[in-house]
Ligand code: SLL
């Protein structure tokens, strides 16, 4: 694998979760939602401002709490890199990023603490308004001395 000497390429993305309270009225809940589930949430990896990142990010594996059936969820483009579920508790979600095979890059793991309840200064007002609970971070992947073929892909977007 030929590598581009002395170059580092940074690629930005965001990851996080969005949670909403489920109605208690069964007719308004998603079908077959267990009665003890209080929230619906989505965990995701996306480009900044929804930029396409699929040229450098090929697959994302989300590792949910073991209370979930099939707790390892693999998402591959053109699917969105996200998982939507219902539940009652907060937990840490493992997020494993897989790069294109021609990159020769190993997968990288990050972790996200799922948030269901409002937090921070405005939490009471936010709860009152029924705002979704969003916990999102900006991150960058660094490719040090990327493979030549991958460098072409990274620099022509
Ligand atoms: C807690 N340490 O006790 C955490 C664990 C587990 C969350 C949270 C239900 C999943 C299901 C669910 O929300 N699990 O029933 O499929 O708060």
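For the reader, a short list of remarks on this structure follows.
Yes/no per residue for (1) closer than 24 Å to residue 139 by Cβ; (2) within 16 Å of the ligand (Cβ to nearest atom); (3) out of contact with any strand residue (DSSP E or B) (no Cβ under 9 Å at 6 or more places or on another chain):
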residue: 10; (1), (2), (3): yes, no, no
residue: 27; (1), (2), (3): no, no, yes
residue: 42; (1), (2), (3): yes, yes, no
residue: 50; (1), (2), (3): yes, no, yes
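- Within the range 106-123, residues that are touching a residue at least 60 places away in the same chain (Cβ under 8 Å) sit with their Cβ atoms under 6 Å from residues that are in a loop (DSSP other than H, G, I, E, B), at 6+ positions apart or across chains, in these pairs: 114/90; 114/91; 116/90.
- Restricting the range 52-98 to residues that are in contact with a strand residue (DSSP E or B) (Cβ under 8 Å, 6 or more places away or on another chain), away from the ligand (no atom under 13 Å from the Cβ) and in a loop (DSSP other than H, G, I, E, B), the residue that is farthest from residue 115 (Cα to Cα): 56
- Residue list for the range 1-26, restricted to those being touching a helix residue (DSSP H, G or I) at 6+ places or on another chain (Cβ under 8 Å), assigned to a strand (DSSP E or B) and over 23 Å from residue 117 (Cβ atoms): 3, 9, 11, 12, 13
- Any hit, the range 100-111, residues being within 18 Å of residue 18 (Cβ to Cβ) and modelled with pLDDT of 95 or more: yes
- Of residues in the range 30-46 being in a loop (DSSP other than H, G, I, E, B) and touching a residue at least 40 places away in the same chain (Cβ under 8 Å), the one nearest to residue 78 (Cα to Cα): 30
To keep it simple, each residue is scored yes or no on (1) under 16 Å from residue 132 (Cα atoms); (2) free of Cβ contacts under 8 Å to residues at least 60 places away in the same chain.
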| position | (1), (2) |
| --- | --- |
| 20 | yes, no |
| 27 | no, yes |
| 48 | no, no |
| 54 | no, yes |
| 62 | no, yes |
| 68 | no, yes |
| 71 | no, yes |
| 90 | yes, yes |
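The values are calculated or read from the model by the stated rules, or taken from the named source; none is laboratory data. This is a predicted model, so every value here is computed, not measured. Cβ coordinates were reconstructed from backbone atoms using ideal geometry, including for glycine residues, and neighbour counts include every protein chain displayed.
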